Structure formats: C-alpha cells, structure tokens
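Undergrad: Handing you a structure now.
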Amino acid sequence: MISREGGEMCYVIVNAEKPEQVVVKPVKPLAPVGLQDKIKLVSIDLKNRPTWYKENVYPPNKVPALEHNNEVKGESLDLIKYIDSHFEGPSLFPDDPAKKQFADELLSYIDSFYKTVTSSFKGEGTEAGIAFDNIETALTKFEDGPFFLGQFSLVDIAYAPFIERFHPFLLDVKKYDITLGRTKLATWIEEMNKNEGYTQTRCDPKELVESYKKRFMVI
C-alpha cells in the first residue's frame, strides 16, 4: 500500500486458506483507488496460529490485521476507516454532515444486523426479514444514487461481505429471497456487482453456502 505521505509497503495478515475472503473488507476500498499492487498479504493458518503472530504482531490474535508505519491495527471496520484516511485516492467517507451521521449510524448497526440474521438461520426467518427491511429503508434515505449514502462509500464496503453471504445462503437453505419485495436492495446488489473492485474479491456463492452450512451446523 502507498500512504498519502510516502511509498512504504504495508502488510495485511490473512487466513492462509482463504486470503481473498478473510481480508475482503479491508481490501475492497483499495480496488477503486488502485492500490491492489501495493499491498502484501501474509498468510497464517487460523487452525494453527503461529506464536509469533500473537506475541510479536497482534496480541488479540485476530485476522485480518494491518501493519503500517510500524503500527499494527485490527478490527475490520477500523481498518477500512484507517485505509480510507491514510492512503492515496478519493475518500470514500462523506463530507456532508447528514450523510456522515447516517454513515455512523449504519456502521454501528452492522453487529446487530449480523446477529439478527444469523440467529434466524435455525428459525422461521422472520427476524431476518425485519433486518433486511431495515436495510431496504436505509437505501431509500438518499436519492442521488443507488448506494447507502447515494454514492458508493465505506458503508457499502462494510455491508457487502455480509449481504454477499446471506443472500445465497438464505436462498439455498430457507428458500428465502432477500430481494423479493425489496427493490432498493435488489438494485444495490446489482450495482455492487458492477463494481470492479468488489467483483475482484467476491467469493464463489456455492463455497459461501457450504461454508455457512458447516459454520452454523445447518447440514
């Protein structure tokens, strides 16, 4: 990666088995600003994490983590904000006060959104429906584009990996189409799939479904 001030390389620690998937959120904002060739991925085995990683790199022992300017940072949301503010290219965070406030609200909702949807996997799915209704409502807030803040932003980057997984999984396991009756969400997915930076890191839907089946013991 290239910082705004210099040309030093930085490193992202990722899962050795699925590096393009685990680092999906911090890498997605890099693609539109052309930084893919400036990032070095360092893979580790999550099932057998090396002691040097926890002891010398990132004590919380989580991935992904980013090393830049002799500092190590973790947590995906923090990483995408850090990359946006410290690296070259146009900012993907809005200057408009109303959009900035709404962006903060949406980013704060991610954990609740994830927990609500995943907790419905073994149930009837009504709670998941409410969560996706909230997403549909959020997408109606601004009319200057098809994305959460109208124009493409960090909010879209943050939500994409989750919706990318939930959509095929719920369709396969629950026969539940999250886009049915939600035209804004359907359009958002279509527009995201036109984003070259996103499609470069998008995962195989079949692999995602199988991974989620194992993870949430649906099989």
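The values are calculated or read from the model by the stated rules, or taken from the named source; none is laboratory data. Not measured: the values here are computed from a predicted model. Keep in mind that these areas ignore ligands, DNA and RNA; they rest on the heavy atoms of the full protein, side chains included. Shrake-Rupley method; radii C 1.70, N 1.55, O 1.52, S 1.80 Å.
Undergrad: In the structure shown, do any of K73/K174; K81/K122; K100/K184; K62/K194; K81/K194; K73/K206 have a Cα-Cα gap over 27 Å, and if so which?
TA: Correct reply: K73/K174; K81/K122; K62/K194; K73/K206.
Undergrad: Give me the aspartates and glutamates in straight-line cross-link reach of K54: C-alpha distance below 17 Å, same-chain residues under 8 apart excluded.
TA: D45, E67, E71, E75
Undergrad: May I ask you to list the aspartates and glutamates whose Cα is less than 13 Å away from that of K115, ignoring any residue fewer than eight positions away on the same chain?
TA: The reachable aspartates and glutamates, counting only those whose Cα sits under 13 Å from K115, are E127.
Undergrad: Name the aspartates and glutamates eligible as straight-distance cross-link partners of K47: C-alpha to C-alpha under 18 Å, and not fewer than 8 places from it in the same chain.
TA: Filter leaves E17, E20, E55.
Undergrad: Hey, can you find the accessible area per residue of the stretch 97-216 for me, probe 1.4 Å, expressed in square angstrom?
TA: Per residue, the stretch 97-216 has an accessible area of 50 Å².
Undergrad: Given a 1.4 angstrom probe, I'd like the percentage of the accessible area of the stretch 128-205 that is carbon and sulfur, rounded to a whole number.
TA: 50 percent
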